[in-house]
Amino acid sequence: MLDKAISEQLNSVFSILEGDYTLVVEVATSHPSRQELIDIVSDVAACSTHIGYEVEAGDSLKLFIRDNNTDRVSPFTFKAVPTGHEFSTLVISILNFDGKGKNLPDELLQQKIKAIKGEHTIQSFISLTCTNCPEVVQALNLIALYNPSIRHEIIDGAIYTTEANELGVQAVPSVYCNRELIHVGKASLGVLIEKLEEQFGAEEVVLDTTVKEFDVIVVGGGPAGAAAAIYSARKGLNVAVIADRIGGQVKETVGIENLISTPYTTGNELAGNLRKHMEAYPIALFENRKVVSAEKTDNGHLLTLQSNEQCTAPAIIVATGAGWRRLNVPGETEYIGRGVAFCPHCDGPFYKEKEVAVVGGGNSGIEAAIDLAGICKKVTVVEFMDTLKADKVLQEQAAKKSNIEIITYNQVTEVVGNGDKVTALKIKDRANNQERSIELSAIFVQIGLTANSAPFKGLIDMTPIGEIVIDEKCRTSAKGIYAAGDVSTVPYKQIIIAMGEGAKAALSAFEDRINGKLAVN
């Protein structure tokens, strides 16, 4: 049973529904998850007079939505019990089927989805404990809604184990089409559209070629970007935010306990609040977009997006954050999703009672090793430096685990596999250059983050590792361009610091505006 608070919340959420729908459960009488699926569906249906449910005999287990007025059925099917992190997906899918929801794509993205060629059934293998899965699943649902030639199956690998094993699924979310793996891991709607365009081709989309003009353009939708946009909008300026996804890297954080005045929140909750706060102001949100180039103009800077849209403003605030660093060794890219992983929480359970490695001896690496030690037979930590960088308390916890081995002053040279999956990791001792192989089933890469600054390279000064050099007021080496948060040289990459830096950048840009210092020389 859903608790009273959730039921009341769903009653409010579903109050905007206009159509009448039936949640159709097809399930075998003997299926072990039968009653659990029926219970969750009946509880959701009880929260709205617009929703009912039916149970029909089936050969396994699946759930879809039917429009009572037209008999139209949803182009997406849950071959899962949508609890855990996927409960929100069920709720959002009902809204989306009714044409509602704040996640609906804008007109340009709708056109791009409709332009994808061919008829396809896409399968996404998920885990109910995966924090990255809902975003991918919800995006694929939207793609199926807007392109009548595409269907989407959401498959819980723990229920459909035979299918998962036949395809060799070793990470979630894993997206397949025609039994071919086309994507693994986190991804926004924009990224998934690009993947499908590359895979299947697309009809030409006619774009609005008008250059959009703003007073301030914020690039990035995480804590720094949201703060910069809100502070700029509060000054009465015409503000745009260009972001791959609202929330940025925050969305990958399970629990947040150091955001002052908020004892506990989650990454998804914080991302939702960032969006809600920005939507309270007349900020133009260009979500699922990426800036590919930036150049000076006579009265500011021109940004070109991957969608070929163009925007210009006298003030640009770069708050693009950072992404996971790669090893950049042979075999790494080839085996992503087949033994090379980045999220121990999502993909660790695939390697229960197996031997794995964690590359990286910082806080994230040692935390990952401790988590994995609880389910894996053995965890080998490989650190490039001669000592671990993790906090002492984490090192002490790792030392208490008998199945954690720590190897320092070693460099990873190659990821080895048999064509289907990872079988070993090659490392080289930096003291004597001797190389050896460690037989294992998976490698979790935890070597920190790299700044997402590539589109601005050559336009502003950066450090050798790509961080944008800023002064105490977030100004860069170019007039009219500011940087805030993890993409910059600001020390301590923390959410609360990023928020403050975003606000500071906005205030600096406004100060330069009123003092006539934004002109590009």
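Under unit Cβ charges (Lys, Arg +1; Asp, Glu -1), what dipole magnitude, rounded to 20 debye, does the stretch 1-104 have relative to its Cα centre? Walk me through the numbers on the way to the answer.
Values: 8 positive and 15 negative charges, 53 e Å.
Dipole magnitude for the stretch 1-104 comes out near 260 debye.
Each residue of the stretch 116-126 was assigned a 3J(HN,Hα) from its phi angle through the Karplus curve 6.51 cos²θ - 1.76 cosθ + 1.60 (θ = phi - 60°); the sequence is 5, 7, x, 9, 9, 10, 9, 10, 10, 8, 10 Hz, with glycine and proline shown as x.
Taking every DSSP beta bridge that has both ends in the chain, the antiparallel portion is near 45%.
Averaging Cα coordinates gives a centre for the stretch 187-247 and one for the stretch 372-413; these two points are 40 Å apart. Each part gets one Cα centre, and for the stretch 13-28 versus the stretch 462-510 those centres are 46 Å apart.
For the chain, the cysteines with no partner cysteine C-beta closer than 4.7 Å are 47, 177, 311, 376, 474.
Contact order, relative form, for the stretch 265-423: 17 percent (alpha carbon pairs under 8 Å, 6 or more residues apart, mean separation divided by residue count).
What is the percent carbon and sulfur in the accessible area of the stretch 335-390, measuring with a 1.4 Å probe over the protein chains and ignoring ligands?
Working: 1100 of 2090 Å².
The value for the stretch 335-390 is 53 percent carbon and sulfur by accessible area.
A simple rule links phi to the HN-Hα coupling: the Karplus curve 6.51 cos²θ - 1.76 cosθ + 1.60 with θ = phi - 60°, which for the stretch 267-276 gives x, 5, 5, 5, 4, x, 5, 4, 4, 4 Hz, with x for Gly and Pro. List residues of the stretch 101-132, by number, whose backbone nitrogen lies under 16 Å from a label position 7 Å along Cα→C-beta of residue 9. Only 102 fall inside the zone, counting backbone N under 16 Å. Please label the shape of the stretch 48-162 as rounded, prolate or oblate, based on the square roots a ≥ b ≥ c of the eigenvalues of the alpha-carbon gyration tensor (a/c under 1.5 means rounded; beyond that, a/b larger than b/c means prolate, else oblate). Judged from the Cα gyration tensor, the stretch 48-162 comes out rounded (a/c under 1.5). For the stretch 171-185, 3J(HN,Hα) computed residue by residue from phi via the Karplus equation (6.51, -1.76, 1.60; θ = phi - 60°) reads 7, 10, x, 10, 10, 10, 9, 6, 6, 10, 6, 10, 6, 9, x Hz, glycine and proline entered as x. Would you mind classifying the stretch 224-330 by shape? Square roots of the alpha carbon gyration tensor eigenvalues, ordered a ≥ b ≥ c; an a/c under 1.5 is rounded, otherwise it is prolate if a/b is larger than b/c and oblate if not. Here the stretch 224-330 falls in the oblate category. The amide H of residue 122, built 1.01 Å from its N in the peptide plane, has 151, 152, 153 as neighbours under 5 Å, considering only residues 5 or more places off or on other chains. Summing Cβ point charges (Lys, Arg +1; Asp, Glu -1) relative to the Cα centre of the stretch 407-465 gives a dipole of roughly 60 debye. Under the rule a/c < 1.5 gives rounded, and otherwise a/b versus b/c splits prolate from oblate, where does the stretch 457-507 land using the Cα gyration tensor? Oblate.
I need the trypsin sites (Lys or Arg not before Pro) found in the stretch 193-273, filtered to DSSP loop residues with at most 14 other beta carbons within 10 Å of theirs.
Listed in order of number, the matching sites are 234.
Between amide H atoms placed 1.01 Å from N, distances below 5 Å from residue 440 occur with 424, 425, all of them 5 or more places distant or on a separate chain.
Considering only 480, 265, 340, and ranking their Cα positions along the charge dipole of the chain that arises from unit charges at the beta-carbon of Lys, Arg, Asp and Glu, the one farthest toward the positive end is 480. Put simply, the amide H of residue 448, placed in the peptide plane, has neighbours under 5 Å in 325, leaving out anything fewer than 5 places away on its chain.
The GluC sites (Glu not before Pro) of the stretch 425-521 that meet both conditions, a loop assignment by DSSP and at most 12 other Cβ atoms within 10 Å of the site Cβ, are 472.
Note on residue 161 and residue 299: the model spin-label points, each 7 Å out from Cα along the C-beta direction, lie 6.6 nm apart. Looking at the stretch 1-136 alone, DSSP beta bridges between its own residues are antiparallel in about 55 percent of cases.
Give me the distance between the Cα centres of the stretch 43-100 and the stretch 117-136, rounded to whole Å. With the stretch 43-100 and the stretch 117-136 each reduced to a Cα centre, they are spaced 16 Å.
Assign unit charges at the C-beta atoms only (+1 for Lys and Arg, -1 for Asp and Glu), then state the dipole size of the chain relative to its Cα centre in Debye, rounded to the nearest 20. Could the numbers behind the result be given before it?
Numbers: 49 positive and 66 negative charges, 253 e Å.
Using Cβ point charges on Lys, Arg, Asp and Glu, the chain gives about 1220 debye.
Among the listed pairs 290/421; 290/473; 117/296; 251/426; 276/352, those with a Cα-Cα distance over 29 Å are 290/421; 117/296; 251/426; 276/352.
Give me the number: length gained by fully extending residue 43 to residue 514, i.e. 0.36 nm times residue separation minus the C-alpha to C-alpha distance, one decimal in nm. Walk me through the numbers before you get to the answer.
On the way: separation 471, 0.36 × 471 = 169.56 nm, distance 5.62 nm.
Residue separation times 0.36 nm, minus the Cα-Cα distance, leaves 163.9 nm.
Here the spin labels are modelled as points 7 Å beyond Cα on the Cα-Cβ line, and at residue 420 and residue 407 they lie 2.5 nm apart. Of the residues 249, 294, 47, the one whose Cα sits farthest towards the positive end of the charge dipole of the chain is 294 (charges of +1 on Lys and Arg Cβ, -1 on Asp and Glu Cβ, taken about the Cα centre). Take every pair of alpha-carbon atoms less than 8 Å apart whose residues are at least six positions apart; their mean separation over the length of the chain yields a relative contact order of 12 percent. Positive-end ranking of 192, 214, 232 along the dipole of the stretch 138-232, with charges on Cβ about the Cα centre, is headed by 232.
The values are calculated or read from the model by the stated rules, or taken from the named source; none is laboratory data. Given the structure is predicted, the values throughout are model-derived calculations rather than measurements. Heads up, the Cβs are rebuilt from the backbone with ideal geometry, glycines too, and the neighbour counts pull from every protein chain shown. Accessible surface areas use protein heavy atoms only, side chains included; no ligands, DNA or RNA. Shrake-Rupley method; radii C 1.70, N 1.55, O 1.52, S 1.80 Å.
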